[in-house]
Amino acid sequence: MLRLTRIEEGACYVTDTTNLYVAWSMLCAASKLFWGCGIIKDLDRAKSLSDQAFGDKPEALPELIELLQNVESPVLDAVRIVICFENYFKAKMLLEGYVIHQMDLAVCRQYYPQFVIGNAKKALLQKTSPILIEEVKHAENPEDNSLEPLRTLTKQTISMSILLEQSKYQSLYLSDQIQDNQKLLSVLQSMNNSRNTLHFLNIEYIASGRAIGDFGFLRNYVTTQIDALADKIVDESKSELEIGKAEIDHLLDIEFDS
């Protein structure tokens, strides 16, 4: 069950303006996570040393290795970067009108079979196909503007693995203007798989020549897509953002008064 009066739960589904405010907040959080990474802060210096070390100045390699070894918590950087993009993907989903929270299989099987698939109805449709917010609202609370909790949704959001692997989800956040969508998916899938190991930013990865380029690619993506989208929302919808924030503050008052 997901309460609509909580910003950390389902306030994003109440109105178009609360949706916009939460999505924008997620974009801002994504940006803050990314630019706070140690490897991103040192990326220009790392690229310069890498170009030298693997070019005509191999004696720069020890300095490059020392720089990377001194990056504070590279595994934490990997986690930050993955969460950054997870926030971005989910913000894009919200802006397109889709649910970002996991559905409750038991509740859906018993009361809302339109959201389950398979002969035995043992799998959620959401595992492979995004679900529109309006479909959930119409199924549960046909009356507009209802603040009743949504029983079909849980407090957990959709996993990053689903977002990265399922093509119908990819179509919601991959831009037609991005030349190398497959590279984005490949880099993030590799990072998502390796972030829980002790081999992130190891010397083999650096020596392969991929690491610096990958981080440069992600930095450019954050600048041109994530930060640009957040700025566009402020430029074009500042009054709507203010309304959304005020509505969420009001929802919190309702929650605390109840």
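Kindly provide the set of residues from region 99-131 that are out of contact with any strand residue (DSSP E or B) (no Cβ under 6 Å at 6 or more places or on another chain), within 30 Å of residue 222 (Cα to Cα) and not in a helix (DSSP H, G or I), ordered by number.
If the condition is that a residue be out of contact with any strand residue (DSSP E or B) (no Cβ under 6 Å at 6 or more places or on another chain), within 30 Å of residue 222 (Cα to Cα) and not in a helix (DSSP H, G or I), then 99, 128, 129, 131 are the ones that fit.
For region 205-212, does any single residue satisfy the condition of being modelled with pLDDT under 90, surrounded by fewer than 16 Cβ atoms within 10 Å (Cβ to Cβ) and among the polar types (S, T, N, Q)?
Pass one, region 205-212, residues modelled with pLDDT under 90: 205-212.
Now narrow it down to the ones that are surrounded by fewer than 16 Cβ atoms within 10 Å (Cβ to Cβ): 207-210.
If we keep only those that are among the polar types (S, T, N, Q) too, we end up with 208.
Yes, there is a match, as at least one residue in region 205-212 is modelled with pLDDT under 90, surrounded by fewer than 16 Cβ atoms within 10 Å (Cβ to Cβ) and among the polar types (S, T, N, Q).
Suppose the filter is part of a helix (DSSP H, G or I), out of contact with any strand residue (DSSP E or B) (no Cβ under 8 Å at 6 or more places or on another chain) and among the basic types (Lys, Arg); does residue 47 pass it? It would help to see each step written out before you state the result.
Working: part of a helix (DSSP H, G or I): yes; out of contact with any strand residue (DSSP E or B) (no Cβ under 8 Å at 6 or more places or on another chain): yes; among the basic types (Lys, Arg): yes.
So residue 47 fits the description; yes.
State which residue pairs qualify: first residue assigned to a strand (DSSP E or B) and inside region 137-151, second residue at pLDDT 85 or above and buried (at least 17 other Cβ atoms within 10 Å of the Cβ) in any location, beta carbons under 8 Å apart, and separation of 6 or more residues or different chains.
Within 8 Å, the pairs are 150/2; 150/4; 150/10; 150/13; 150/136; 150/137; 150/140.
Which residues, counting only those in region 152-183, are in contact (Cβ under 8 Å) with a residue 40 or more places away in the chain and not hydroxyl-bearing (Ser, Thr, Tyr)?
153, 155, 156, 158, 160, 163, 168, 172, 178, listed by residue number.
Quick check: anything in region 140-150 in contact with a strand residue (DSSP E or B) (Cβ under 7 Å, 6 or more places away or on another chain) and surrounded by 20 or more Cβ atoms within 10 Å (Cβ to Cβ)? Spell out how you get there, then give the answer.
We begin by selecting, within region 140-150, every residue in contact with a strand residue (DSSP E or B) (Cβ under 7 Å, 6 or more places away or on another chain); these are 140, 149-150.
Now restrict to residues that are surrounded by 20 or more Cβ atoms within 10 Å (Cβ to Cβ): 150.
Yes, because at least one residue in region 140-150 is in contact with a strand residue (DSSP E or B) (Cβ under 7 Å, 6 or more places away or on another chain) and surrounded by 20 or more Cβ atoms within 10 Å (Cβ to Cβ).
Does region 76-85 contain at least one residue that is of a type in the set (Lys, Arg) and surrounded by 15 or more Cβ atoms within 10 Å (Cβ to Cβ)? Break it down into steps so the answer makes sense when it comes.
Filtering region 76-85 for residues of a type in the set (Lys, Arg) gives 80.
Remaining after also requiring surrounded by 15 or more Cβ atoms within 10 Å (Cβ to Cβ): 80.
Yes, region 76-85 has at least one match.
Looking at 153, 64, 95, which is the one that is surrounded by 13 or more Cβ atoms within 10 Å (Cβ to Cβ) and modelled with pLDDT under 95?
Working: 153 fails: modelled with pLDDT under 95; 95 fails: modelled with pLDDT under 95.
Only one candidate passes the filter, namely 64.
Right, residue 81: assigned to a helix (DSSP H, G or I) and at pLDDT below 95 or not? Walk me through how you get there before you give the answer.
Working: assigned to a helix (DSSP H, G or I): yes; at pLDDT below 95: yes.
Yes.
Can you tell me how many residues within region 7-41 are touching a strand residue (DSSP E or B) at 6+ places or on another chain (Cβ under 9 Å) and either free of Cβ contacts under 8 Å to residues at least 12 places away in the same chain or surrounded by fewer than 17 Cβ atoms within 10 Å (Cβ to Cβ) (or both)?
1
Within region 69-122, track down each residue that is without any contact (Cβ under 8 Å) to a residue 40 or more places away in the chain and among the acidic types (Asp, Glu).
Hit for region 69-122 is 72, nothing else.
Quick one: which of 246, 230 is modelled with pLDDT of 90 or more, in contact with a helix residue (DSSP H, G or I) (Cβ under 9 Å, 6 or more places away or on another chain) and surrounded by fewer than 17 Cβ atoms within 10 Å (Cβ to Cβ)?
On the way: 230 fails: surrounded by fewer than 17 Cβ atoms within 10 Å (Cβ to Cβ).
None of the other options fit; the residue is 246.
Hey, any hits in region 11-30 for a residue that's closer than 18 Å to residue 216 by Cα and at pLDDT 95 or above?
Of the residues in region 11-30, the ones closer than 18 Å to residue 216 by Cα are 30.
Narrowing further to those that are at pLDDT 95 or above: 30.
Looking for residues that are closer than 18 Å to residue 216 by Cα and at pLDDT 95 or above, one finds at least one in region 11-30, hence yes.
Name the one entry in 64, 43 that is hydrophobic (A, V, I, L, M, F, W, C), within 15 Å of residue 213 (Cβ to Cβ) and out of contact with any Gly (no Cβ under 8 Å at 6 or more places or on another chain).
Details: 43 fails: out of contact with any Gly (no Cβ under 8 Å at 6 or more places or on another chain).
Exactly one of 64, 43 is hydrophobic (A, V, I, L, M, F, W, C), within 15 Å of residue 213 (Cβ to Cβ) and out of contact with any Gly (no Cβ under 8 Å at 6 or more places or on another chain), namely 64.
Could you give every pair whose Cβ atoms fall below 7 Å, whose first residue belongs to region 242-258 and is within 20 Å of residue 20 (Cα to Cα) and in a helix (DSSP H, G or I), and whose second residue is among the aromatic types (Phe, Trp, Tyr) and at pLDDT 65 or above, counting only separations of at least 6 or pairs across chains?
Listed by first residue and then by second, the contacts come to 244/21; 245/21; 248/21.
The values are calculated or read from the model by the stated rules, or taken from the named source; none is laboratory data. Keep in mind that what you see is a predicted model, and the values were worked out from it rather than measured. All Cβ positions, glycine included, derive from the backbone under ideal geometry; neighbour counts span all protein chains shown.
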